[in-house]
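The block underneath contains the structure these notes are about, expressed in structure tokens.
The values are calculated or read from the model by the stated rules, or taken from the named source; none is laboratory data. A quick note: this is a predicted structure, and the numbers were derived from the prediction, not measured. Neighbour counts run over all protein chains shown; Cβ positions are idealised from the backbone, glycine included. When the accessible area is computed, the model is the full protein with side chains, heavy atoms only, and any ligands, DNA or RNA have been set aside. Shrake-Rupley method; radii C 1.70, N 1.55, O 1.52, S 1.80 Å.
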Amino acid sequence: MLKKLGLFIVVCASLLLMTGCKSEKIKIEGTLEDLMAKLYETIPEDERPMMLMNTEVTEENVEYFLGSTDVEYEEALASEPGISSIAHSVVLLRAKENADIEKIKTTIKENINPRKWLCVGVEEKDIIVDNKGDLIVLILIEDSAARETIKESFDNL
């Protein structure tokens, strides 16, 4: 009886450790352009913002798109409309290998300007910063239905 209990505890501990390790090693495959397109797949074309454009996040524009120059990333891509009267910005970034994902998310959340556009913005409570493995998403969308649809698409990657 004691041997079975001991074996059971060892098996449970092993499963717990393996599950923990697996969740940290998630790697979403694909280019950021392909992944961004997947985020928008469930939004009908006529409901997407006009002239939606992808922009590579660089040293010159990182503060605008992520709120801080202190965000370490391997690559990042922003999607914003060329013309719009609503706040809409989605940014995907791949963290560097072994980066502190939670620190990156906190830096973005604490520094992003939810009113970075001239006449529109989002409420701070509506800023979404989440991750799947090394892939981090920042969602600043005024329209709650679109915001939730993009978030759900990200969760389903």
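Okay, here's what the table says:
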{"quantity": "Selection count, the range 88-109, where residues are assigned to a loop (DSSP other than H, G, I, E, B) and among the charged types (D, E, K, R)", "calculated": "3"}
{"quantity": "Condition check for Ser85: assigned to a strand (DSSP E or B), polar (S, T, N, Q) and within 15 Å of Met50 (Cβ to Cβ)", "calculated": "no"}
{"quantity": "Boolean, Val122 is assigned to a loop (DSSP other than H, G, I, E, B) and crowded, with 20+ Cβ neighbours inside 10 Å", "calculated": "yes"}
{"quantity": "Neighbours by Cβ (under 7 Å, 6+ apart or cross-chain): first from the range 61-90, open to solvent by less than 10 Å² (accessible area, probe 1.4 Å); second among the charged types (D, E, K, R) and in a loop (DSSP other than H, G, I, E, B)", "calculated": "Ala87/Glu142; His88/Glu142"}
{"quantity": "Single condition Ile108 does not satisfy, out of (1) in contact with a Gly (Cβ under 8 Å, 6 or more places away or on another chain); (2) open to solvent by 70 Å² or more (accessible area, probe 1.4 Å)", "calculated": "(2)"}
